[in-house]
Every structure is written in structure tokens, then in C-alpha cells.
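Peer 1: Sharing a structure with you now.
Just so you know, all these numbers are worked out from the coordinates, no wet-lab data involved. For clarity, every value in this text was computed on a predicted model and none was experimentally measured. All Cβ positions, even for glycine, are placed from backbone atoms using ideal geometry, and neighbour counts span all protein chains on display.
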Amino acid sequence: MVKKVGVLGAGQMGNGIAHVFAQFGYQVYLYDIAEVQLGKAVSTIRQNLERQAKKGVIPDTLVGETVGRIMTTKSMADLADCDFCIEAVTEHEPLKLDIFRKLDEIAQPSAILASNTSSIPITKIAAVTRRPDKVIGMHFMNPVPVMQLVEIIRGHATSDATFHLTAELVAKLKKEMAVSQDYPGFIVNRILIPMINEAAFALYEGIANAEDIDKGMKLGTNQPMGPLTLADFIGLDTCLAIMNVLYDGFKDPKYRPCPLLVKMVNAGFLGKKSGRGFYTY
């Protein structure tokens with residue numbers, strides 16, 4: 001039975017994951033190497049909870065209760081007695097593998113280790129641990145408190161018990177589950193990121209300007225926002241990282257990152273978080 005949950009990484013995804021677990025009654029240990037990031041995460045969680053309460057989504061009393069269930073720490077050792085740990089650091093494979101090696105040493109033998117990776121194979125992550133049967137992909141969508149989908153990805157050695165317990169957690173968080181085989185990009189990003197990359201190619205080749213590309217996809221396919229706007233919200237560095245995972249994983253030229261996307265990331269134009277991407281913020 002899961003009572004204590006460790007969340008590794010207090011960025012945009014990590015604070016959202018901590019938010020939903022704490023909201024549904026779990027004791028959460030939120031780990032990050034940066035004290036400033038931990039403080040920012042708790043502040044963001046409180047603001048988002050207050051917004052939910054103002055809209056009537058949750059009762060006012062749940063705001064303080066939820067924040068009270070979140071403990072922040074700069075020491076991974078504090079996650080030692082967690083029943084379930086989920087990693088949500090930046091989409092950088094060497095960093096994720098290093099974290100799983102350390103977490104495997106620290107976490108109790110019965111603990112399940114999950115990754116919120118959006119593209120890196122779970123089998124590869126599991127292979128650096130001594131418990132590959134207890135490693136699974138649990139990919140939340142952004143923003144976590146709002147988006148209903150959680151992608152579940154079984155690694156080659158993930159056990160049925162690990163899968164069923166993770167599926168139960170998804171249900172307890174009142175979210176919907178989609179199960180993917182363990183291939184680069186899984187379901188959502190296997191389809192979404194190449195679409196964004198193709199939109200970048202359309203801009204790069206001068207087919208249309210950014211506004212018209214986005215308008216075409218919004219009004220022509222009923223998407224809530226155009227692919228270039230969405231790329232700016234995701235982060236162009238993240239989009240590029242996922243395209244590289246797809247390209248390296250499948251060795252198929254259809255996954256070649258758009259040169260414009262590469263150039264923009266090299267220039268530091270990362271989207272909304274840097275103030276400039278396909279649009280200026």
C-alpha cells in the first residue's frame with residue numbers, strides 16, 4: 001500500500017505531480033538540489049490550489065491540508081522510506097540514469113521507482129537499477145493538476161504487480177490511463193513532437209508565417225492551440241531533446257530535427273520560459 005511518495009525534481013512537472021499526490025491524501029517528499037526551486041515549487045502549488053478553490057473545484061480547507069502534506073528536502077536520503085518514487089527532472093538521459101542509480105541504493109527494496117520521462121526508454125532506465133521489475137514509466141501531462149491523461153509504460157522487465165499498483169494510483173488520482181509499449185516517444189510524444197517539428201519545417205521552408213501555421217492547425221483541425229505556440233509552452237529545448245531521442249532510437253530520417261529548431265535552441269530561444277521562441281513573451 002502506498003502512503004509516502006517521493007518526487008524527484010521540483011520544476012514544472014515535479015511540483016504538479018507533488019500537488020496531485022498531496023491533494024489526494026499522500027504524504028509527499030519533494031526533492032531538489034536547489035533550495036530556491038523548492039520554495040518556488042511550494043509557492044506555485046499553493047497558488048494553484050487557491051485557484052482551484054476559487055473555482056469551486058476543491059474546498060478551501062483542502063488548500064492548507066494539501067500543502068501541509070508536502071515536505072521539501074535537498075537530501076535524496078530523505079526518500080528512503082517512501083513506498084513509491086517518481087523522477088521528474090529535465091529530459092536528459094545521463095542525469096536520469098544517474099538519479100536512478102542513486103535512488104536504487106537509497107529506496108527501500110519494496111519501493112517502486114517511476115519516471116515521468118516523456119521519451120527515454122524505461123527499459124534503459126531500469127537496467128541501471130537492481131530492481132528492473134519495480135521500474136515503470138508514469139508520464140503525466142502538463143499542467144498536471146488539470147490534464148487528465150497519464151501514460152503508463154512498462155519496461156521489458158516491469159512486473160505485473162508493479163503495473164497494477166501504478167494503475168491503481170492513476171485511478172486514485174482521478175486520472176485516465178493510456179498504456180504504451182516501451183519505444184521512444186511512447187504514444188503522445190511519438191505523434192505530437194514530430195507534428196511540432198513539421199510545423200517548424202513549414203516555417204523554415206517559408207510555407208507560411210508562424211501565426212498562419214498556428215491558425216491553420218487551430219481552426220482547421222480544432223486544436224486548442226497551434227503547434228508552434230504549444231512548442232513555446234513545452235520548451236523548444238525539450239521538443240528538440242525528444243526529437244533527438246526519436247531520431248537516435250529509430251534511425252529513421254523522418255525524425256530528423258528541423259534545422260531551425262536546432263538553431264533556435266542554440267541561440268537560447270527556448271520559448272515562453274526564456275521570453276522568446278517562435279513568439280516573443
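Peer 1: Counting only other residues whose beta carbon sits under 13 Å from that of Pro109, what net charge do I get with K and R as +1, D and E as -1? It would help to have the intermediate numbers written out before the result.
Peer 2: Values: positive: Arg130, Arg131, Lys134; negative: Asp81, Asp83, Asp104, Glu105, Asp133.
Surrounding charge for Pro109 is -2.
Peer 1: Work out how much length Lys55 to Lys254 would gain on full extension: take 0.36 nm times their residue separation and subtract the Cα-Cα distance, in nm to one decimal. Could the numbers behind the result be given before it?
Peer 2: Values: separation 199, 0.36 × 199 = 71.64 nm, distance 4.37 nm.
Here the answer is 67.3 nm.
Peer 1: If you take every residue apart from Pro132 with its C-beta less than 13 Å away from the C-beta of Pro132, what net charge results, scoring Lys and Arg +1 and Asp and Glu -1?
Peer 2: Details: positive: Arg101, Lys124, Arg130, Arg131, Lys134, Arg154; negative: Asp104, Asp133, Asp182.
Around Pro132, the charge tally is +3.
Peer 1: May I pose another question? For the pairs Lys54/Lys172; Lys172/Lys218; Lys172/Lys272; Lys124/Lys218; Lys4/Lys272; Lys96/Lys218, note any where the Cα-Cα span goes beyond 30 Å. Write down the numbers at each step before the final one.
Peer 2: Working: Lys54/Lys172 23 Å; Lys172/Lys218 33 Å; Lys172/Lys272 32 Å; Lys124/Lys218 36 Å; Lys4/Lys272 34 Å; Lys96/Lys218 35 Å.
Result: Lys172/Lys218; Lys172/Lys272; Lys124/Lys218; Lys4/Lys272; Lys96/Lys218 exceed 30 Å.
Peer 1: Considering only DSSP states other than H, G, I, E and B, which GluC sites (Glu not before Pro) in segment 190-281 qualify as loop sites with at most 11 other Cβ atoms within 10 Å? Spell out each step's value before the answer.
Peer 2: Working: sites: Glu198, Glu205, Glu211; in loops: Glu205.
Within segment 190-281, the qualifying GluC sites (Glu not before Pro) (loop, at most 11 other Cβ atoms within 10 Å) are Glu205.
Peer 1: From the helices alone, meaning DSSP H stretches of at least four residues, give me the mean residue ellipticity at 222 nm for the chain, per-run term -39500 (n - 2.57), in deg cm²/dmol to the nearest 500.
Peer 2: Numbers: 11 runs with 132 residues, N = 281.
Dividing the helical sum by the residues of the chain leaves -14500 deg cm²/dmol.
Peer 1: I would also like to ask the following. Please give the contour-minus-distance gain from Thr90 to Asp212: 0.36 nm per residue of separation, less the Cα-Cα distance, rounded to one decimal in nm.
Peer 2: Working: separation 122, 0.36 × 122 = 43.92 nm, distance 3.11 nm.
Full extension of this stretch gives 40.8 nm more.
Peer 1: Under 1.5 on a/c is rounded, so check that first for segment 37-85, then, if it is not, pick prolate when a/b is larger than b/c and oblate when it is not; a ≥ b ≥ c are the square roots of the alpha carbon gyration tensor eigenvalues. It would help to have the intermediate numbers written out before the result.
Peer 2: Working: a/c = 3.38, a/b = 2.00, b/c = 1.69.
In terms of gyration-tensor shape, prolate.
Peer 1: Looking at the chain only, what percent of DSSP beta bridges run antiparallel? Nearest 5 please. Don't skip to the end; give the middle numbers.
Peer 2: Details: 7 of 32 bridges.
Close to 20 percent.
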